[in-house]
Amino acid sequence: MKKLIIVLIAFVSFFGMAQDKKSYQLFDKNGKKTTYKKLETSSLKSNVVLFGEYHNNSVVHWLQLELTKDLAEKTDLVLGAEMLEADNQTQVNQYLKGEITQKGLDTLARLWNNYKTDYKPLVDFAKEKKFDFIATNVPRRYASLVFKKDLVALDSLTTEEKSWIAPLPIEFDVNLPGYQAMMGMQGGHAGDKMPKAQALKDATMAYFINKNRKENSIFVHYNGTYHSDNYEGINWYLNKYNAETKILTIATVEQKDISKLEKEHYNKADFIIVIDEDVTKTY
């Protein structure tokens, strides 16, 4: 009878595992499977968490909120995002303080089309917990200016306008692989204007992260994964501003098979979220 029970338990367990459908799997930078608990524990040891996302992936947005809530149970946080631009910081602060409504923020700030589904929950959590939420990205018109006229065009900005970007001059390392890849677009004819505009964004986000860090707290930053993949982008500039910053990076990738990390994604970040490519997109 005991043997029968053991066999039945084993069968039920195996059948349950076979029927289990997971939407994501976490890996470390070496391609080894890891756990959400390890991600949380490692995040708590950092000064800055760069949470790289696919902007339209529903699972990664859920994980961003869950990790933020779980970290907030153990320490103070400062939150920030690529999706909010530095010259809208006043409006974001007004919303956090209850001085304007969501409708007011919609009117006064340049919000992404998927803000309400994907980023409002994070901003509202900051409001509930009385955490700062930093609009870290460069106003898009200045990235466009660099794309058209190069980085030198930023010298013509007013003092107020310069307060919304990283301090000039913007250091640009053309040899960073991520920027090299951008230059290789369009059959190698893309030139360096696009990566320079990207560098302005990366430098500005890093600058405002570093500027708004607080003692005994963790700055959790949400950005497109390309901005921090391979320890470049924001990560590179953060190290320039403060080499002693303990940075944890999270990358997002999509694969058909989430049971193992494809080798091209090794060393992309400290933790890599592999999400089933069929997961629902928010837009």
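Observations, loosely collected:
- When region 45-85 is limited to residues that are out of contact with any strand residue (DSSP E or B) (no Cβ under 9 Å at 6 or more places or on another chain) and not in a helix (DSSP H, G or I), the one that is nearest to Tyr119 (Cα to Cα) turns out to be Glu73.
- Filter result for Ala153 (surrounded by fewer than 18 Cβ atoms within 10 Å (Cβ to Cβ), modelled with pLDDT of 95 or more and assigned to a helix (DSSP H, G or I)): yes
- Note on region 170-213: enclosed helices (runs of 4 or more DSSP H) holding 3 or more residues that are within 11 Å of Ile234 (Cβ to Cβ) and modelled with pLDDT of 95 or more are 193-212.
- No other residue among Asn267, Asn239 is under 17 Å from the mean Cα position of the chain (by Cα), surrounded by fewer than 18 Cβ atoms within 10 Å (Cβ to Cβ) and free of Cβ contacts under 8 Å to residues at least 60 places away in the same chain apart from Asn239.
- Qualifying residue in region 19-32 (condition: exposed (fewer than 14 other Cβ atoms within 10 Å of the Cβ), at pLDDT below 95 and either within 14 Å of the chain's Cα centre (by Cα) or assigned to a helix (DSSP H, G or I) (or both)): yes
- Residue count for region 117-135, restricted to those that are within 18 Å of the chain's Cα centre (by Cα) and either within 15 Å of Trp62 (Cα to Cα) or in a helix (DSSP H, G or I) (or both): 10
- Every residue from region 107-147 that is surrounded by 15 or more Cβ atoms within 10 Å (Cβ to Cβ) and of a type in the set (Ser, Thr, Tyr): Tyr115, Tyr119, Thr136, Tyr142
The values are calculated or read from the model by the stated rules, or taken from the named source; none is laboratory data. Since this is a predicted model, take the numbers as computed values, not measurements. Note that each Cβ is placed from the backbone with ideal geometry, even for glycine, and that neighbours are counted across all protein chains shown.
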